[in-house]
Amino acid sequence: MVVSLAPTTAPSSARAHRRKLGIVDLVTKNTRRSLYGRIMNANFASIMPQALAVWCEEAGHEVHYVCYTGAEDLLAEIPADVELLFIGAFTEAAQLAYALSNLFRRRGAVTVLGGPHARCYPEDAQRYFDYVLGFTDRQVLHEVLEECAPAEELGRTISASRQPAELPSLAARWKFVDATLAKSTRAIKIVPMIGSLGCPYTCSFCIDSTVDYQPLGFGAVSADLAFLLTKMRNPIVGWHDPNFGVRFDDYMNAIEAVVPPGRMRHIAESSLSLLSEPHLQRLRQNGFQALLPGIESWFALGNKSKTRHTGMDKVRQVADHVNLLLRYVPYVQTNFVLGLDSDEGPEPFELTKRFLDLAPGAFPAYSLLSAFGRAAPMNLDYQRAGRVLPFPFTFLNNNHAMNVKPAHYSWEEFYDRLVDLTRYSFSWRAIGQRLNATRGAIPRWMNVVRAMSSEGWGRIAYHSTIRGLLDTDPGVRGFMEGEDDRLPDFYQQRIRRDLGLLHPHLPEGALMHDPNAYLKSVGDTLVTPLHGPRRGRGAAAAASLNAPQPN
Ligand code: B12
Ligand code: SF4
């Protein structure tokens, strides 16, 4: 990570008043941690809450930082008398964030939301927070720290005009990183790092398609890595760059300048188009242990896999490429999006099964097509067509609900095929084949644990439940068809269970949201909602893509 900042002068009012601040990074939305969650949640900590903690301390404030992994008692860890509470949340943790905000506002605190949920749903979040931050730099933060005023009605939304030019160094963040890693198992401790923001490409489904690419300084990357070697023996670095591998040579030079061979391991999300054999050779030399390329679809997004092929031709080409990756890197996760408008009938699902047969060593991660508010320009099309369903935020994590009505599937057909594919992917046979095709103790063990945990068997059970409810619960069917906006009991109970003791603090109205707020904010109108599936794979449909996992 990034340029070290010269010690800053605290703004005058901050010097005059040392505030007591809470900073919470909500990595999960509930206390029920699967086996995989127990091993991995602390490894998914975000960088920005740590950066804010550094900036706030540099400005002279007292900071209480908590990375919530599901094991902590949040109310015990955040002092009851904080003056300002910052919460970083993905959309799946929005309702937990709203409940916390409500509770702390009642105690007299001013609350601030940042992170993916704030960027995607600011209109909703400002009803429950005093401040909702988009791009956040030191200046935006100081504005909040100075003003620190409770909202009269709607919270104030503030965003810098662009991503910050610099972030605190790893050395400055270290005490927060260290406190979080103390919560993870000894075998896997992943240090969150970032070397660039934004992306030079413009895939219209992606949150970064409109954000300029900006390296944060390769000298700073080297400095961070050199620092890390003084702290851990054989560290694992998890790169959070939206698109790792742009400026590939600069990155590799920055690593090679300070990291002796064999001293560090890395994990990165990158597209197949960037993973040529010469690049893979260099990644291996530099200790890259896990790569997470996005394949997304057999009928669209060929540019990400560097192929013009579609269908079975693409399956063969991508499987060959993924097998090549596995010769250089022990762990590969392939990301797919299910339910895209370019998909129709059994073929996309059957092709994915053929891919699993041809590249058995890769761990498949499936995301259900999701439109996260204003994450991507493409979401306007879904809203305009009346296809976005008001599933509560807590279900919007690419798995617990698909909030876009599929273009070419009935829900029954979609869920039948989804359950079938998930069963195929995490059957004993597939687990055994994956084990045989993977090298190294940790990658092999990870693949088995993930398959048997919430990521595999847990998904089979969950999707099968939804499929059953489509037959037996008219409320669920009506909701998913967009004919009834009353939230079915099944979902209400899960929210109650997810929020646990905080459920009574969920503010009135915060269970549901307006799924078309983005469209309304641009002054556009809704086209008549669709009932039932549409047929035919048209050009417009093929263009309507929203891939929840870039790269
Ligand atoms: C790296 C990454 C991950 C990493 C690290 C996650 C983490 N905890 O940070 C991993 C692989 C673990 C991950 C997992 C998931 N991810 Co992810 N991930 C990303 C990715 C590629 C980059 C995000 C990033 O760190 N950018 C760099 C930071 C510095 O920039 P930024 O996020 O824009 O943040 C700015 C502001 O938002 C603000 N800010 C950020 N945090 C905070 C906090 C506070 C308190 C404040 C005040 C401000 C603030 O300041 C920053 C500077 O301006 C994005 C896609 C993208 N291209 O952005 C998806 C993305 C964030 N992920 C997404 C999703 C859905 C997931 C998963 C649910 C997927 C899944 N099913 O497992 C999980 C959830 C994990 C979790 N709950 O922690 C969605 C989020 C959508 C949403 N609204 O929730 C995104 C946007 C991808 C998409 N679909 O478009 N992810
Ligand atoms: S999907 Fe990947 S390549 Fe496309 S804009 Fe987003 S980060 Fe860039």
Hey, could you check segment 50-63 for residues that are under 18 Å from residue 82 (Cβ atoms) and in contact (Cβ under 8 Å) with a residue 60 or more places away in the chain and say which is most open to solvent (accessible area, probe 1.4 Å)? 52
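Residue under question is residue 245, and the condition is that it be among the small types (Gly, Ala, Ser), over 30 Å from residue 373 (Cα atoms) and within 16 Å of ligand 1 (Cβ to nearest atom); does it hold? Walk me through it before giving the result.
On the way: among the small types (Gly, Ala, Ser): yes; over 30 Å from residue 373 (Cα atoms): no; within 16 Å of ligand 1 (Cβ to nearest atom): yes.
For residue 245, the condition - among the small types (Gly, Ala, Ser), over 30 Å from residue 373 (Cα atoms) and within 16 Å of ligand 1 (Cβ to nearest atom) - is not met.
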Is it the case that segment 209-223 has a residue that's without any contact (Cβ under 8 Å) to a residue 12 or more places away in the chain and within 30 Å of residue 440 (Cβ to Cβ)? no
Which one is nearest to residue 27 (Cα to Cα), of the residues in segment 184-223 that are away from ligand 1 (no atom under 14 Å from the Cβ) and in contact with a Lys or Arg (Cβ under 9 Å, 6 or more places away or on another chain)? 185
List the residue pairs whose Cβ atoms are under 6 Å apart, where the first residue sits in segment 285-305 and is closer than 17 Å to residue 239 by Cβ, the second is modelled with pLDDT of 90 or more and basic (Lys, Arg), and the two are 6 or more positions apart or on different chains. 287/265; 289/265
Restricting segment 266-296 to residues that are in a helix (DSSP H, G or I) and more than 16 Å from ligand 2 (Cβ to nearest atom), the residue that is surrounded by the most Cβ atoms within 10 Å (Cβ to Cβ): 283
The one condition residue 457 fails out of (1) at negative phi; (2) surrounded by fewer than 20 Cβ atoms within 10 Å (Cβ to Cβ); (3) out of contact with any Phe, Trp or Tyr (no Cβ under 7 Å at 6 or more places or on another chain) is (3)
Within segment 140-153, restricting attention to residues that are at pLDDT 95 or above and out of contact with any strand residue (DSSP E or B) (no Cβ under 9 Å at 6 or more places or on another chain), which residue is surrounded by the most Cβ atoms within 10 Å (Cβ to Cβ)? 142
Could you pull out every one of the helices (runs of 4 or more DSSP H) wholly within segment 356-464 that has 1 or more residues that are over 30 Å from residue 97 (Cβ atoms)? 411-425, 428-436, 441-452
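Going through 401, 441 one at a time, which residue ends up being at pLDDT below 95 and of a type in the set (A, V, I, L, M)?
Numbers: 401 fails: at pLDDT below 95.
Just a single option satisfies the conditions, and that option is 441.
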Apart from one, (1) open to solvent by less than 20 Å² (accessible area, probe 1.4 Å); (2) away from ligand 1 (no atom under 16 Å from the Cβ); (3) closer than 30 Å to residue 346 by Cβ; (4) not β-branched (Val, Ile, Thr) all hold for residue 299; the odd one out is (1)
How many residues are near ligand 1 (Cβ under 8 Å from one of its atoms) and open to solvent by 10 Å² or more (accessible area, probe 1.4 Å) when one looks only at segment 121-139? 5
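Of all residues in segment 404-437 being of a type in the set (Ser, Thr, Tyr) and open to solvent by less than 10 Å² (accessible area, probe 1.4 Å), which is nearest to residue 356 (Cα to Cα)?
If we filter segment 404-437 for residues that are of a type in the set (Ser, Thr, Tyr), which is where we start, we get 409-410, 415, 422, 424-425, 427.
Now restrict to residues that are open to solvent by less than 10 Å² (accessible area, probe 1.4 Å): 409, 415, 422, 425.
Numbers: 409: 23, 415: 19, 422: 11, 425: 7 Å.
Result: 425.
Is it the case that residue 89 is modelled with pLDDT of 95 or more and either away from ligand 2 (no atom under 16 Å from the Cβ) or open to solvent by less than 20 Å² (accessible area, probe 1.4 Å) (or both)? Outline the logic, then answer.
On the way: modelled with pLDDT of 95 or more: yes; either away from ligand 2 (no atom under 16 Å from the Cβ) or open to solvent by less than 20 Å² (accessible area, probe 1.4 Å) (or both): yes.
Yes, satisfied.
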Give just the number: which of (1) modelled with pLDDT of 85 or more; (2) within 14 Å of ligand 1 (Cβ to nearest atom) does residue 2 not satisfy? (1)
Only one of (1) surrounded by 20 or more Cβ atoms within 10 Å (Cβ to Cβ); (2) not in a strand (DSSP E or B) fails for residue 313. Which number is that? (1)
Looking only at segment 71-122, which residues are over 25 Å from the mean Cα position of the chain (by Cα) and under 30 Å from residue 211 (Cα atoms)? 84, 110
If you go through segment 158-210, how many residues are away from ligand 2 (no atom under 16 Å from the Cβ) and within 18 Å of residue 45 (Cβ to Cβ)? 27
Within segment 338-355, how many residues turn out to be outside any helix (DSSP H, G or I), open to solvent by less than 20 Å² (accessible area, probe 1.4 Å) and under 13 Å from residue 421 (Cβ atoms)? 3
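The values are calculated or read from the model by the stated rules, or taken from the named source; none is laboratory data. Treat the numbers as computed from the prediction; the structure is a model and nothing was measured. Counting neighbours? That spans all protein chains shown, and the Cβs are built from the backbone with ideal geometry, glycine included. The protein model used for the area step is the full one, side chains on, heavy atoms only, and it has no ligands, DNA or RNA in it. Shrake-Rupley method; radii C 1.70, N 1.55, O 1.52, S 1.80 Å.
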